[in-house]
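Student: Before we start, here is the structure in question, set down as structure tokens.
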Amino acid sequence: MDQNAGSFVAVRRLSGAGAVHHHRHHSSPAEVVGVSTAWIGRGLSCVCAQRRDSDARLSFDLTAIQEECLHRLQNRIEVQYDSSNLEHQKALKALWRASFPGTELLGLVSDQWKDMGWQGKDPSTDFRGGGYISLENLLYFSKNFPKSFQELLGKKNGDRALWEYPFAVAGVNITFMLIQMLELQAAKPKSLIGAVFLNLLKENDRAFDILYCITFKLMDQKWLDMHASYMDFNSVIKSTRRQLERELLLEDIQRIEDMPSYRFLAR
């Protein structure tokens, strides 16, 4: 994670026009308590590091199939975005085409990326918080639930805040939060939530990507329900995480698609 102090981009909506302005907000030390100056990872550490006392002593043994599924996902998580890797460049270009079909991308380093909610003209600097899998998550979302993806990207639904969360950077934060919540970098889960998820992953090797889509849509709904602005992002993420944990622990959840919030996704 990038722990260096910096600045984040908030997105200002223009009423009626559907356009956005990007405003760079420099945080004071007092503001850092509420929201990260770099947003990615650092601002969510207080959320993701939490573990309930009742879960602290739990340990779960994995079946061979669960171990295999976990290792495959961990291999994806370990890959860092490499701006010199042609496959990574190809994926980033594909994300642009899915986000803005018909609009030519002028370059992998371009001010155009700010329109997607990256902090600057070079998206590669924002992937430090979530790695290459955060790009894969965004791309999966855009291809499998394009209607919901476009609604969130364009902030099309609801009474939006004057200063909105930046879409792409929020997506990277969601990847980071899910990895921490599910303890996916551990050899085996130490919480019931992590153990439940591995059962879902065994049933569908794309369970993490689908959960990502569910989380993004749920986070946006929480944002609207809470009438949030960009300084409230941590509170929205906390509320989203609590809702995910409640849904994952429901007795009738046998597949990731059984989660109640899955129904909010539209193709």
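Student: Around E164, which amide H atoms from residues at least 5 apart in sequence, or from another chain, sit under 5 Å from its own amide H, with H modelled in the peptide plane?
Tutor: Under 5 Å from the amide H of E164 lie the amide H atoms of V11, R12, R13, each far enough along the sequence or on another chain.
Student: Cut-off under 25 Å on the C-alpha distance; same-chain residues fewer than 8 positions from K156 excluded. Which lysines are left, in chain and number order?
Tutor: Counting by Cα, and skipping residues close in sequence, K156 has these lysines nearby: K93, K114, K121, K143, K147, K217, K222, K238.
Student: Also, quick follow-up: Could you name the aspartates and glutamates whose alpha carbon sits less than 15 Å from that of K190, not counting residues in the same chain fewer than 8 places away?
Tutor: K190 reaches D53, D55, D61, E67, E245.
Student: Label points 7 Å out from Cα along the Cβ direction at A91 and Q112: separation in nm?
Tutor: 2.1 nm
Student: Of the peptides 84-93, 185-194, 168-177, 213-222, how do they stack up when ordered by the mean number of other Cβ atoms within 10 Å, highest first? List each step's numbers first, then the result.
Tutor: Numbers: 84-93: 13.3, 185-194: 16.5, 168-177: 26.0, 213-222: 23.3.
Top to bottom by mean Cβ count within 10 Å: 168-177, 213-222, 185-194, 84-93.
Student: Determine the distance separating the Cα centre of region 117-157 from the Cα centre of region 227-267; give it in Å without decimals.
Tutor: Answer, in whole Å: 18.
Student: Ok, one more. Quick one: compute the contact order of region 192-267, relative version, from alpha carbon pairs under 8 angstrom and 6+ residues apart, as a percent.
Tutor: On the way: 47 pairs, mean separation 32.2, N = 76.
Computed over region 192-267, the figure is 42 percent.
Student: How far apart, in nm, are two points set 7 Å out from the Cα along the Cα-to-Cβ line at R246 and at K147?
Tutor: 2.6 nm
Rule-based calculations on the coordinates, nothing more; no lab input. Just so it is clear, the model here is predicted, and its values are computed rather than measured. We place every Cβ from the backbone using ideal geometry, glycine too, and count neighbours over all the protein chains shown.
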